[in-house]
Amino acid sequence: MSRHSDVDDTASDSDVSELNNHDIGASSIAVTQLGFAEDPEEPLTAEAFPSKSGGLPLWLNPEHILQEVICQVCEKPMNHLIQLYTPEDHPAEAYHRTVYVFCCKDGACHKKNWKKCFKVFRSQLPRQNPYYSPSSESDSEDDDSWEPKQFDAPRLCSICGVQGTKTCGKCHNEYYCSREHQLADWTFGGHKQTCCQTLSETQHKDITAKRRQLVFAEKEIVSEPEGRGEDGEEEDAQQEFSKEHNGATESRALVPAGDEIYENTEVDVDQAFLKFQLRVQLYPEQVIRYTRTEYGQEDAEPLWVSDKGKPDPKVDVPACAACGAERTFEFQILSTLLNYLGVSHVATDSLDWGSLYVYTCKDNCPTQSNYIEEVLWKQDFSEEGVQLPTARPDAVRANE
C-alpha cells in the first residue's frame with residue numbers, strides 16, 4: 001500500500017506516511033517513519049490534514065464525529081491522545097485516512113485494567129468527497145466548479161472536542177459530551193463566571209486556555225524516515241572492531257551510560273529492551289514509529305520494549321470486526337510522548353507505558369462515514385530492562 005503524496009497543497013507536513021518505498025528503491029521490508037512532537041508554527045486545522053498529539057481532535061469527516069469516548073474503568077470521558085493522518089492509495093476509500101487514539105488520563109485506571117483505558121478509531125474518505133476539494137498541487141488546473149457540502153456542523157464538547165449532546169441549562173451556548181465535562185467547565189474552565197455573558201476576545205482566550213489545561217497539551221507530529229542517526233557510523237565501526245577482536249558481539253556486551261558501564265553476563269538482560277534502546281538512542285526525541293506494511297511486503301515487526309508482555313496475535317489482535325480481514329501492526333507510540341502531554345511524572349497515579357502498539361485493518365475496509373474501532377496493545381518495560389541505563393549511551397562495544 002503506497003501512500004499518495006498529491007494531497008491538496010494546503011496539507012500539513014505532518015503526514016507520517018508520506019514516504020513511498022519506490023522513491024528509495026524496491027524493498028521487501030517496510031520503511032519506518034519517525035514522528036517528533038513540536039510546537040505548531042500556526043494553529044492546526046482539519047483542512048491541513050495534520051498529525052498531532054493532545055488538544056482537541058480535528059475530525060477528518062466534519063459532518064460525522066465521534067460521540068463520547070468513555071473509559072471502561074472510571075466511566076469518565078477519555079482524552080484525545082494522538083491522531084495520525086495516514087492516506088493510502090488502496091482502496092480508493094482510504095485516499096484520506098486518519099487514525100485517532102484516545103486514553104484515560106487517570107493512571108489509577110490503567111493500573112486496574114489498561115485494556116479498558118484506550119480506544120482507537122479509523123476514519124476514511126475517498127478523494128471524491130463532499131468536504132475537501134479533489135484537486136491537488138499535481139493537477140494542471142483546479143476544478144473551479146467544486147464547492148463543499150453545506151451542512152449543519154455537529155456541536156462539539158467545549159472540553160474534549162467530541163460530539164456535544166448536552167448543553168448548559170442557563171445560557172444554552174456551551175455544549176458537552178457528558179455531565180463530567182459540564183461540571184469540569186463550570187468549576188475549572190471558568191464558565192461559572194462567564195455564563196450568560198458576552199465575552200471579550202481576552203476573556204475568550206483566557207477561558208480557552210483554562211479548558212486546554214483539562215486535556216493533553218497539543219503538539220504537532222512531524223515526520224522523517226528513520227536512518228542511521230548521528231552515531232550510526234560510530235556504532236558500525238565499533239561492531240566491526242568487536243567482530244575482529246572477539247569473534248562475536250553477543251557475549252559480554254557492555255552498554256555504557258556516561259561513565260558507568262553495565263555488564264550483561266551475570267544478570268538476565270532483556271534482549272528486546274537492549275535492541276529497543278540501541279535503536280531509539282539514534283533519535284532519542286522520537287515519539288512515534290510508523291511502519292505500515294506495503295502490499296507484497298512481509299508484515300512489519302514492532303520494536304518491542306521487552307521480551308515479556310507481547311500480544312498473542314490470535315487472541316489479542318483479532319480480525320477486523322467490520323470486514324473480517326487481518327489486522328496488522330501500523331505504528332507505535334513511545335513513552336517519550338509522555339514528556340509532551342503536560343502530565344505529572346511524579347504523581348502516584350501518573351500515566352506510564354513502555355510503548356503502545358496500534359493494529360489496524362490491513363484492507364482499509366470502507367467506514368461508510370462511521371469510525372471503525374481498531375486494536376491497541378500496551379507493553380511496559382521489564383524489571384530487567386529498567387535496570388539498564390536509560391540515558392543515551394555513547395557507544396556499544398564488547399568486553400575484551
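Provide the FRET efficiency to the nearest 0.05 for the Ser133-Leu278 pair, computing r from the beta carbons and using R0 = 56 Å. It comes to 0.80.
Over the stretch 317-364, the alpha carbon radius of gyration divided by the compact-protein estimate 2.2 N^0.38 Å works out to 1.57. Size descriptors for the stretch 161-214: radius of gyration and Dmax over Cα atoms are 10.5, 27 Å. Based on the Stokes-Einstein relation at 10 °C and a viscosity of 1.306 mPa s, and on the Kirkwood radius from alpha carbon pairs, the stretch 66-216 is assigned a translational diffusion coefficient of 88 µm²/s. Under the simplified labelling scheme, the His172-Asp39 pair shows an inter-label distance of 4.2 nm, with each label point 7 Å from Cα along Cα→Cβ.
Taking Cα centre as origin and charging only the Cβ of basic (Lys, Arg, +1) and acidic (Asp, Glu, -1) residues, the dipole magnitude of the stretch 161-214 rounds to 80 debye. Placing R0 at 51 angstrom, the Cβ-Cβ distance between Glu383 and Arg155 gives a FRET efficiency of 0.60 after rounding to 0.05.
Hand me the GluC sites (Glu not before Pro) from the stretch 70-157 located in a DSSP loop with no more than 13 other Cβ atoms within 10 Å, in residue order please. When the GluC sites (Glu not before Pro) of the stretch 70-157 are filtered for loop state and at most 13 Cβ neighbours within 10 Å, Glu75, Glu137, Glu141 remain.
Using a Förster distance of 45 angstrom, determine the FRET efficiency expected from the C-beta separation of Cys196 and Cys323, and round it to 0.05. With a Förster radius of 45 Å, E is 0.40. Looking at this model, which pairs from Lys52/Lys192; Lys166/Lys378; Lys119/Lys362; Lys111/Lys310; Lys116/Lys210 are more than 22 angstrom apart at the alpha-carbon? The pairs that break the limit, which is 22 Å between Cα atoms, are Lys52/Lys192; Lys166/Lys378; Lys116/Lys210.
Since every read-out is calculated from the coordinates, none of them should be taken as a lab result. What you see is a predicted model, and the numbers here were worked out from it, not measured in a lab. All Cβ positions, even for glycine, are placed from backbone atoms using ideal geometry, and neighbour counts span all protein chains on display.
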